[in-house]
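Quick one: structure below, then a few questions.
The values are calculated or read from the model by the stated rules, or taken from the named source; none is laboratory data. Keep in mind that what you see is a predicted model, and the values were worked out from it rather than measured. Here the Cβ positions follow ideal geometry from the backbone for every residue, glycine too, while neighbour counts run over all protein chains shown. Accessible surface is based on the protein model in full, side chains and every heavy atom, while ligands, DNA and RNA are left aside. Shrake-Rupley method; radii C 1.70, N 1.55, O 1.52, S 1.80 Å.
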Amino acid sequence: MKVDRKETLRYLGYRGSQLDEQTEKMIEEVTAELERDSLPKSVYREYDCKVVENQVRIGQYTVVSNHLAKNLQGCERAVILAATIGRAADLMIKKYSVVNMAKATVVQAAGASAIENYVDEVEDEIRKSAESRGLYLRPRFSPGYGDFPLECQKDIFQMLECSKRIGITLTEGNLMMPTKSVTAVIGLTTEKYQSCHQKNCSRCEKTDCEFREE
Amino acid sequence: MELKERLGKEILFFDGAMGTMLQARGLQTGEIPELWNMTHEEVILDVHKQYLEAGCDIVKANTFGINPFKMEGTGFTCEELTKKGIELVKRAIQETGKKAYTALDIGSLGKLLEPLGDLPFEEAYEAFKPVCIAGEQAGADLCLIETMNDTYEIKAAVLAAKENTNLPIVVTMVFDEGGKLLTGADMEAAVAMLEGLRVDAIGLNCGFGPDVMKEFLPKLREVCSLPIVVNPNAGLPVVVDGKTCFHVGPEEFASIMTEIADEGISVMGGCCGTTPAHIKALVEKCKGKKPLEITDKGRSVVSSYTHAVVLDSRPKIIGERINPTGKSRLKQALRENDLEYIYKEALAQQDMGAHILDVNVGLPEIDEVAMMKSVLTGLQGITDLPLQIDTSDMEAMEQGMRLYNGKPLINSVNGKQESMDAVFPLVAKYGGMVVCLTLDENGIPETAEGRIEIAKRIIAEAERYGIQKKDLLMDTLCMTISTGQENAKITLDALDYVRNTLGVHTTLGVSNVSFGLPQRELVNTAFYTIALSRGLSAGIINPNSEKMMAAYHSYCALNGSDTQCTDYINIYSQQADAPKKAADKKEVTLYDAVVRGLIDSAYQAAKKELETREPLAVIDEELIPALDKVGQGFEKKTVFLPQLLMSADAAKAGFDAIKEFLQAKGDASASKGTIVIATVKGDIHDIGKNIVKVLLENYGFNVIDLGKDVPPETVVEAVKENNVKLVGLSALMTTTVVNMETTIKMLKEEVPECKVMVGGAVLTQTYADMIGADFYSKDAMGSVRYANELFEA
């Protein structure tokens, strides 16, 4: 697992002005500590998928959500995935919040960048397996996006045995701990949206794609 | 024969997977397997029978996932599901006519405990308790706590079993490829805690197949003095077509397990993916093998939730700074419930090289039990060092030991019968190494012989509780030489005898030796060095003292425990550069130091300013203008967040210098006003709130930080109690903005004059208006501006 330094800076609100030596050094140090101590883990499973109006059926599981239904429209298969970079980021944030708030903020940003990067890696793995079967990935869609209810976390956790397999747990409010964790649904479709990978939208020729990110 | 008598004397066999078998019979992913105790009784019964026929000695009841959190809304109680689960095993045993033990199977709650998660330790305990009780009542023969990946949760489960049943306890855990639990503990740490809690067997299950698990066994055997259990998967889980599959077949499984048996394993069986065929093959190949004899590894060890600290030939350092004796600033922090100050002390000692931290929070005017609980919990959230629970209040000691995540050091017991009667039962129950003071009803003996006699008595009494010498840390009591020059010799002679003749580890509160003398550090350092050479295992010292640390590192280099002087060279080879750096720092003005975010320089510069200027002038003409400059830069986006916060931390160091100056003069520092801040209920992301806190404090506000996941009532209460006119609320998630609205509503109803400012990732001005906030702050600086306007008006 690697931290994308540019993303870290973006999360920190960096707009390209001067980056002094001291700040730069601190970011380097914190990033190295986070990369050293993180324990990325993931689990995913693929299911049959069927969308009828706003009802999405994934394996035995049914959820009602307009946005998810739109996202999975036409997909016969879907992957449910969960991933985390482990507890190190949370511990570092806690520790540095006491002695050095600037560092805590950098951990927060670097951790966000790290989990995104890691989920991208996992997604690449899924993409390869899918493409070998002539299937293509829709952008990943997580509980809490649009009207895809956060309560669905509970079901996803049960389906993937998240706490047992990769050590993520849910709070009463269905938030994940460690906090640098992601769950998502990824639709698999036979239609080739060539560059549907979230970061490549700008390169894609399909400019009228409804999943396009600006 | 009782299971306990057989454990470790012959190889016993667990059964294999239940989940795998049920999936083959139609259990869907996501379906709760334990409900099948009620809905598919015959299937469960049949699985048990198949395993019994395969030849297992211990059958795991289908109770793994039963807990109040998972069973909520299923229509069944934990008790009825557990009882049914046990009954089904019993019935299977009876109907097959086989002899076997019934294991109450207890798995993880699926929740992370405080301080890293949101589940309080005692609630975890309460969740395990009914299952333990029901299991024993229904006739379980042992309690198997398995597939665990967090030591703290294991401790809650073990205590629930120990305090509510008489069942033998077996604990098996899931280590990852790096040999760690998901929550960070390595094997040594987990074993230290479990041996302290006196469970009956320890082992590994799930996660891997037998081949990988085999690699872990030498390490486990090296550190573990209990019978070892191994229940691997039938290989790594592989997902094919949405279904989890396992690829290690019965023959392969059994053949690797034969090699495992030769490693000296006492109990073997299977986890995910294993079937009756696996167990049958295993039993055929391994039945009759003798486990290696269980030997006591004699390790003197304490542990945190991540790692163990072993007392061996390399002395260890116990940091003494969290102890209010003689420290007025710490006393003040305790009285004001300023835990942050304590945490900083802890982290500073850790940075300087302490191995264990002493925690003493006893002051006559505070509730020591409550303080011990909150400080211990808080410390475990920010440092991974083992802690020494230092108190003479037995209730604080017990609560501390109960809440501690690991095997603690306990300070202390002494030779008085009353003391031993109170402390040893606690050590026997919760585990721990214990500091033993060589004094008794007649006081402190004035001879080494007298102290040695007491040491021997303590050792003998401890043994009656099954507490071995390896878990004692004898303190031969360091007295000041200013009242009797022979004091050092008495202490050292007794220490030498205890360590080198009785073979018990030793400790001393080193700095006591110099009370009443000038330049105490000189005497302390010399005495410390001598004590180390006479056999001091773990001195209680100030790790922030460079001289003491130099003595320590030099000693370790000299006695050969710092192999190839590696640490010594690492620490001291760069020291030549230090004076030059210090010279650089002096050049910086306070204003520059804050703007550039130089913490040490800001502190030094502020001290220097105070020699010639009034404190208020330093604040108004240096600190605030510097902060404003950075703040404006932030709003213009020429300065970004880490720089803003570095400046804030530097300014804080400057303010600290001023506070110290004022305190020395007896002046109380003036505050611009008090603000309550909180992250709303349900939300656990609080970094934004913490940033706001740092900035508000730097602009001279007194901030009451209620933390995260704060119920509306708590906010209202804090506002009323402190007569506060501004509250800051943060919420990161869309789902928790509703709780923000509720909090604002309640505030407006009960304290209408109080203003509320809000912020957070998902908030906008429109949202803020909608939920009735008085001010929406798009970033941390905005909250400072609003607070300034409000309090200056």
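Considering only region A:165-176, state which residues are surrounded by fewer than 23 Cβ atoms within 10 Å (Cβ to Cβ) and on the phi < 0 side of the Ramachandran plot.
Of everything in region A:165-176, those that are surrounded by fewer than 23 Cβ atoms within 10 Å (Cβ to Cβ) and on the phi < 0 side of the Ramachandran plot turn out to be A:Arg165, A:Ile166, A:Thr171, A:Glu172, A:Gly173, A:Met176.
Would you point out which residue out of B:Gly707, B:Gly772 is outside any strand (DSSP E or B) and within 13 Å of chain A (Cβ to nearest Cβ)?
Selected residue: B:Gly707, the only one of B:Gly707, B:Gly772 that is outside any strand (DSSP E or B) and within 13 Å of chain A (Cβ to nearest Cβ).
Taking interchain pairs and intrachain pairs at least six residues apart, which have beta carbon atoms under 6 angstrom, with the first residue in region B:23-49 and in contact (Cβ under 8 Å) with a residue 12 or more places away in the chain and the second part of a helix (DSSP H, G or I) and of a type in the set (Gly, Ala, Ser)?
Filtered contacts from region B:23-49: B:Pro33/B:Gly19; B:Asn37/B:Gly85; B:Leu45/B:Ala92; B:His48/B:Ala92; B:Lys49/B:Ala92.
Still on this structure, please answer the following. I'm trying to understand the selection: among the residues of region B:409-460, which are at positive phi and either aromatic (Phe, Trp, Tyr) or in a strand (DSSP E or B) (or both)?
Result: B:Gly443, single match.
Follow-up. Scan A:Leu68, A:Leu81, A:Leu72 and give me the residue that is of a type in the set (A, V, I, L, M) and closer than 27 Å to B:Leu112 by Cα.
After applying the criteria, what remains is A:Leu81.
Inspect region B:428-439 for any residue being of a type in the set (D, E, K, R) and either under 30 Å from the mean Cα position of the chain (by Cα) or over 24 Å from B:Ile490 (Cα atoms) (or both) and give the result as yes or no.
yes
Taking the residues in region B:639-667 that are open to solvent by 60 Å² or more (accessible area, probe 1.4 Å) and small (Gly, Ala, Ser) as candidates, determine which candidate is farthest from the other protein chains (Cβ to nearest Cβ).
B:Gly666
Go through (1) open to solvent by 20 Å² or more (accessible area, probe 1.4 Å); (2) in a loop (DSSP other than H, G, I, E, B) for B:Ala17 and report which single condition fails.
(1)
Condition first: over 13 Å from the mean Cα position of the chain (by Cα), within 14 Å of chain A (Cβ to nearest Cβ), β-branched (Val, Ile, Thr) and not in a loop (DSSP other than H, G, I, E, B). Can you find one or more residues in region B:377-386 that meet it?
no
Something else: Being touching a residue at least 60 places away in the same chain (Cβ under 8 Å), within 12 Å of chain A (Cβ to nearest Cβ) and closer than 22 Å to B:Leu627 by Cβ is the filter here; which residues of region B:668-688 pass it?
Passing the criteria: only B:Gly688.
Just to check your reading of the model, which residue among B:Glu749, B:Glu713 is part of a helix (DSSP H, G or I) and either of a type in the set (Val, Ile, Thr) or free of Cβ contacts under 8 Å to residues at least 12 places away in the same chain (or both)?
After applying the criteria, what remains is B:Glu749.
Right, here's the next one. Suppose we filter B:Lys659, B:Lys681 for residues that are modelled with pLDDT of 90 or more and under 34 Å from the mean Cα position of the chain (by Cα); which single one remains?
Result: B:Lys681 is the single residue among B:Lys659, B:Lys681 that is modelled with pLDDT of 90 or more and under 34 Å from the mean Cα position of the chain (by Cα).
Pairs, please: C-beta under 7 Å, at least 6 apart or cross-chain, first residue without any contact (Cβ under 8 Å) to a residue 40 or more places away in the chain and in region B:399-410, second among the aromatic types (Phe, Trp, Tyr)?
Sorted first by the residue in region B:399-410, then by its partner, the pairs are B:Met401/B:Tyr430.
Suppose we filter A:Ala82, A:Ala110 for residues that are within 14 Å of chain B (Cβ to nearest Cβ), part of a helix (DSSP H, G or I) and at pLDDT 95 or above; which single one remains?
Within the list A:Ala82, A:Ala110, the selection yields A:Ala110.
OK, next. Among the candidates B:Glu146, B:Glu153, B:Glu123, B:Glu177, which residue alone is in a loop (DSSP other than H, G, I, E, B), within 14 Å of another protein chain (Cβ to nearest Cβ) and either more than 20 Å from the chain's Cα centre (by Cα) or acidic (Asp, Glu) (or both)?
Matching residue, one of B:Glu146, B:Glu153, B:Glu123, B:Glu177: B:Glu177.
Turning to a different aspect of this structure: All but one of (1) surrounded by fewer than 18 Cβ atoms within 10 Å (Cβ to Cβ); (2) at pLDDT 95 or above hold for B:Glu336; state the number of the condition that does not hold.
Only one criterion is unmet by B:Glu336, namely (2).
Quick check: anything in region A:63-77 β-branched (Val, Ile, Thr), more than 11 Å from every other protein chain (Cβ to nearest Cβ), farther than 17 Å from A:Thr31 by Cα and assigned to a strand (DSSP E or B)?
Yes - at least one qualifying residue is present in region A:63-77.
Would you point out the residue of region A:20-33, among those that are more than 8 Å from every other protein chain (Cβ to nearest Cβ) and not small (Gly, Ala, Ser), that is farthest from A:Asp90 (Cα to Cα)?
A:Glu21
Scan region B:280-298 and give yes if some residue there is open to solvent by less than 60 Å² (accessible area, probe 1.4 Å), over 30 Å from B:Arg198 (Cβ atoms) and either in contact with a Cys (Cβ under 6 Å, 6 or more places away or on another chain) or within 14 Å of chain A (Cβ to nearest Cβ) (or both), otherwise no.
no
Of all residues in region A:34-62 being surrounded by 18 or more Cβ atoms within 10 Å (Cβ to Cβ) and more than 14 Å from chain B (Cβ to nearest Cβ), which is nearest to A:Val3 (Cα to Cα)?
A:Leu34
I've got another one for you. With the structure loaded, tell me whether B:Thr172 is open to solvent by less than 10 Å² (accessible area, probe 1.4 Å), within 17 Å of B:Ser303 (Cβ to Cβ) and within 14 Å of another protein chain (Cβ to nearest Cβ) or whether it fails that test.
no
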